[in-house]
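I have placed the structure first, in the form of structure tokens, so that the comments after it can refer back to it.
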Amino acid sequence: MSLKDVFIEELRDLYSAENQLVKALPKMAKATKTPALKSLFTAHLEETKAQVKRLKQAFQIIGKKPTGQHCNGMEGVIKEGKEAIESDEEGPTKDVELIGAGLRTEHYEIAGYTAAIAIAKALGEKEIAALLNETLKEEQNAGKNLLMESKPALKGASAEAGAGQEEEDDKPKDTKEAVSKTKSEKDEAEAAPSLDSPTTETPVKKSKKSKKK
Ligand SMILES: [Fe+2]
């Protein structure tokens, strides 16, 4: 696989991720009752639509189709966000959950665009790098705005916790939560043996090529 092929894969992944967000962001906006947060999600939805078009432009430049690969990573991040949308919480606590979900999507995109820009530059695709960079700045800005908006939400949510409304019962409420709990315990058990022991992987031997230097 050539670097150009990797680049096309990265771009198709981003294209799928942005399209998934076009569907998810209206649900995020609908889930909050806070006007400022609602308008953040709505404004980013408009930006996201423009980002889809920007990616289409990038594909036009390289003469390839934008579809062909589904972004499983974004699907997972959105799935987690769905938990925030559907949670029974209300007001600031719900906002804190939604902001956490929103930040995850932005940072996932920031990672994707950062990688794609580096590859575009290595391939000498300056025009595409500039397009992707425009989007990267919007994602970074959206992340910053969400963090700003988390301040009043966190203040409100801690005031509620102070009033003794926090739930202490962490027993799973349904099958979905029970499955999640079992899986998290398996994660812990599988990582446990490695936590306190040094990594035993032997260092990779230098190849003949690199020895020649
Ligand atoms: Fe985006």
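FYI, it's all coordinate maths here, none of it is from the lab. Because the structure is predicted, anything quoted here is derived from the model rather than measured. Glycine also receives a Cβ, built like all others from the backbone with ideal geometry; neighbour counts cover every protein chain displayed.
Per-peptide packing, taken as the mean over residues of other Cβ atoms within 10 Å, places 173-186, 22-35 in the sequence 22-35, 173-186 from highest down. Per-residue ellipticity at 222 nm, computed for the chain from helices alone with -39500 (n - 2.57) per DSSP H run of at least four residues, works out to -27500 deg cm²/dmol.
With a Förster radius of 25 Å applied to the C-beta separation of SER180 and ALA159, the computed FRET efficiency comes to 0.30. Here the range 80-124 is described by how far its Cα atoms reach on the three principal axes: 49, 15, 7 Å, from widest to narrowest.
Pairs LYS23/LYS94; LYS82/LYS151; LYS65/LYS121; LYS144/LYS181; LYS33/LYS137: which exceed 24 Å Cα-Cα? Working shown, then result.
Details: LYS23/LYS94 20 Å; LYS82/LYS151 22 Å; LYS65/LYS121 21 Å; LYS144/LYS181 32 Å; LYS33/LYS137 27 Å.
From the list (LYS23/LYS94; LYS82/LYS151; LYS65/LYS121; LYS144/LYS181; LYS33/LYS137), the Cα-Cα distance tops 24 Å for LYS144/LYS181; LYS33/LYS137.
Summarised as an ellipsoid, the chain has semi-axes of 35, 28, 16 Å, derived from the eigenvalues of the Cα gyration tensor scaled by 5 and square-rooted, with the largest first. For the chain, the longest principal axis of the C-alpha atoms and the axis of helix 35-62 are separated by about 20°.
May I ask you to derive the FRET efficiency for ALA122 and ASP170 from their Cβ-Cβ distance with R0 = 45 Å, giving the value to the nearest 0.05? Show your work: numbers first, answer last.
Numbers: r = 47 Å, r/R0 = 1.05.
Working from the Cβ atoms, E equals 0.40.
Relative to the longest principal Cα axis of the chain, at what angle does helix 91-122 sit, 0 to 90 degrees, rounded to 10? Taking Cα atoms only, the helix is inclined about 0 degrees. Histogrammed with a bin width of 10 Å, the alpha carbon distances of the range 1-53 distribute as 25, 39, 22, 11, 3 percent, first bin at zero. Rounded to the nearest Hz, the phi-derived 3J(HN,Hα) couplings of the range 8-14 under the Karplus curve 6.51 cos²θ - 1.76 cosθ + 1.60 (θ = phi - 60°) are 4, 4, 4, 5, 5, 4, 5, where x marks glycine and proline.
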